[in-house]
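The values are calculated or read from the model by the stated rules, or taken from the named source; none is laboratory data. Predicted model, so just to flag it, every value in this text is computed and none were measured. Note that each Cβ is placed from the backbone with ideal geometry, even for glycine, and that neighbours are counted across all protein chains shown. When the accessible area is computed, the model is the full protein with side chains, heavy atoms only, and any ligands, DNA or RNA have been set aside. Shrake-Rupley method; radii C 1.70, N 1.55, O 1.52, S 1.80 Å.
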Amino acid sequence: MSFTPQLPPVAKLEQKTVIDLVANGKRIDDRTADSYRPLQIQVGLIEKANGSAQVSLGKSKVLVGIKVETGTPFPDTPDEGVLTVNAELGPLASPLFETGPPSEQAIELARVIDRGIRESKAVDMKSLVLLKGKKVQVVFVDIYILDHDGNLIDAASIAALAALASAKLLKAELKGDEVVYKPGLHPLPLNNHPVAVTFAKVGKTIVVDPVLEEEQVMNARLTVTIEKNGNICAMQKGGLSGFTQDELKTMAHLAVQKSAENRAKILAAAKG
Amino acid sequence: MPEPKQPEKLIDDKGVRIDGRRLDQLRPIKLEVGILDKADGSAYIEQGKNKILVGVYGPREAHPKHIALPDRAVLRCRYRMAPFSVDERKNPAPSRREMELSKVIRESLESVVLTDLYPRTTIDVFIEVLQSDGGSRCAGITAASLALADAGIPMRELVAACAVGKIQGHMALDLSDAEDKYGEADLPVAWVPNANLVTLLQMDGILTINEFEKGLTMALDACKTIHSMQQEALKKKYLVIKEVAEEREETEVVA
């Protein structure tokens, strides 16, 4: 069951400072309302994974690993591979996170990233079929949060795309009933490059890429995922209040611009 | 029940959808308030083949105690689909989808409930989807805000919700199951009319920015219609109670 979360006491004390700064066109970390924190992307850190990327967005740090294994397709999509996205918000990353089964925040994060990749048809699912209805390749996207300083959705989205774009796999073929792997690596076939852009409404102002202090006092949050042609492929509103129609339109337009900037950085980093 | 076959066309040459609707037409909606005995408030909605029952309990003592908040009531929400509500039996264990929807539905209701009047308590909203036919989260929100009102919980206003989507390249209101499954995009929206706030917004599929803007306007217009239906549903129950009470008062005066 989902219930109203508790705000840490410090956040309540900081509330006024953070809101006043944003209202005066400033932010707690000296950014403008429409700018991202410094973004760093490193790919291929985990040799045993098919693909991996570590992203730092300001002080937020996210690691994504891609594993590709053989498995069975879903009965309703016999001619497609399988894509699974999971997120771990472990206690290492923040005093706000606890051990135990995935929290609703972890589930929401994973499902928003999943929607972006799935709905933009980023991974070429048809190319993952080994034997129709029987054997396909399964792509696991595992999101590991290492340090939580706000806007985990964008950090995870950037890391997931960088990891997918740099992933390499062995050529798998079916000999009788056996899956055999041929030597030589080839890239994971990608058809699209979805990038999430998250906004927060702090007081009455919309800011992009909210830092943790802003997330804790925001009225509402909106993630807009944009695919490579500038269309929207996923959206998710969060937070206890909402947005006006005009605010939503403004954010949709700004997301197109911001996603293009980040996409260029991601693809450059993935090429290495 | 076997899944129905994929229809050849979702919209025919005359612009009519598989269930006979126009692109901007809602499915028939039936709303009822106060149909459960034990719950503090309840509501039932039928929208197309959706059949959803919502029960509200509270404000009541928080259990477990550590979730209680010192300055406001905790709003709790559970969206659940019955195993028999879909074509293929749904496993009764809570799915990731249900957990996500419980969260976004709660967040769509938080801003209208005057939670600061009841510190250290919980207000519980249980949404049971008995039969699902596309747009069940929105129908759930529409019914949930009626159930909250029926429980007598002070609210700023009612929340109305409706989805739009894209089928065969056209924006269409209130997608049915088949349209959602074989269409190109789904955009559920919840709206708080007087505050002019969209409190639930999700999207999957592909939409251009223009399609999104058009869809949003269509959804908000539909939310206005649904909002007045909600008010009628409340009046239907409570005006009768008021009349009965007034009649009794009159007879007492005469006696």
Only loop residues by DSSP count here, and only those with at most 11 other Cβ atoms within 10 Å; note down the trypsin sites (Lys or Arg not before Pro) in the stretch B:151-255 that meet that. none
So what's the back-of-envelope 222 nm ellipticity for chain B, counting only DSSP H runs of four-plus at -39500 (n - 2.57) apiece and dividing by all residues, rounded to 500? -11000 deg cm²/dmol
Compare A:67, A:249, A:126 by solvent-accessible area with a 1.4 Å probe and give them largest first, with all protein chains kept in place. A:126, A:67, A:249
Just for the stretch B:7-145, what percent of DSSP beta bridges are antiparallel, to the closest 5? 75 percent
Suppose each label sits 7 Å from its Cα in the direction of the beta carbon; what would the residue A:265-residue A:96 distance come out to in nanometres? 2.1 nm
Occluded residues from the stretch B:80-103, i.e. those whose accessible area drops by 40 Å² or more once the chain is not alone (1.4 Å probe): B:96, B:99, B:100, B:103
Excluding ligands, DNA and RNA, the carbon-plus-sulfur percentage of the accessible area of chain A with a 1.4 Å probe reads 54 percent
Could you please put B:198, B:16 in sequence from largest to smallest accessible area, using a 1.4 Å probe? B:16, B:198
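Can you compute the charge dipole magnitude of chain B about its Cα centre, using +1 on each Lys and Arg Cβ and -1 on each Asp and Glu Cβ, nothing else charged? Give it in debye, rounded to the nearest 20.
540 debye
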Hey, any idea what % of the stretch B:29-254's accessible area is carbon plus sulfur with a 1.4 Å probe? 53 percent
Hydropathy first: keep DSSP H helices in chain A averaging at least 1.0 on Kyte-Doolittle, then drop any whose Cα extent along the axis falls short of 15 Å, and list what survives. A:152-165
Taking the Cα centre of chain A as the origin, how large is its charge dipole in debye, to the nearest 20, when only Lys and Arg (+1) and Asp and Glu (-1) carry charge on their Cβ atoms? 620 debye
Computed [θ] at 222 nm, deg cm²/dmol, chain A (DSSP H ≥ 4; -39,500 (n - 2.57); rounded to nearest 500): -9500 deg cm²/dmol
Euclidean distance of C-alpha centroids, the stretch A:2-16 and the stretch A:121-151, integer Å: 35 Å
Taking the alpha-carbon centre of each part, the distance from the stretch B:209-246 to the stretch A:226-272 in Å is 32 Å
Kirkwood-based Rg/Rh on the Cα set of the protein assembly as shown evaluates to 0.99
State the volume of the convex hull built on the alpha-carbon positions of chain B, expressed per residue in Å³ and rounded to an integer. 160 Å³
Quick one: which of B:30/B:236; A:61/A:265; A:258/B:214; B:9/B:181; A:12/A:201; A:134/A:168 span more than 19 angstrom between C-alpha atoms? A:258/B:214; A:134/A:168
Direction-averaged shadow area of the convex hull around the Cα atoms of the stretch A:121-239, nm²? 9.5 nm²
Using the heavy atoms of the protein chains and a 1.4 angstrom probe, tell me the accessible area per residue for the stretch B:29-254 in square angstrom. 41 Å²
Please name which of A:232, A:210, A:254 has its Cα lying farthest along the dipole of the stretch A:205-272 towards the positive end, using unit charges on Cβ (Lys, Arg +1; Asp, Glu -1) and the Cα centre as origin. A:232
Output row B,A: buried area (accessible, probe 1.4 Å, summed both chains) in Å², nearest hundred, equals 3800 Å²
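Round to the nearest 0.05 the FRET efficiency obtained for residue B:120 and residue A:76 when R0 = 51 Å and r is the Cβ-Cβ distance.
0.60
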Of the candidates A:170, B:187, A:7, the farthest towards the positive dipole end of the protein assembly as shown (Lys/Arg Cβ +1, Asp/Glu Cβ -1, centred on the Cα centre) is A:170
Given a 1.4 Å probe and the protein chains all in place, what does the accessible area of residue A:121 round to, in Å² to the nearest 10? 140 Å²
Which one of A:60, A:120, A:74 has its Cα pushed farthest toward the positive end of the charge dipole of the stretch A:37-124, where Lys and Arg give +1 and Asp and Glu give -1 at the Cβ? A:60
Computed about the Cα centre, the charge dipole of the protein assembly as shown from +1 Lys/Arg and -1 Asp/Glu charges at the Cβ has a magnitude in debye, to the nearest 20, of 1200 debye
Within 15 Å, Cβ to Cβ, of residue B:36, how many net charges do the neighbouring residues add up to if Lys/Arg are +1 and Asp/Glu are -1? -3
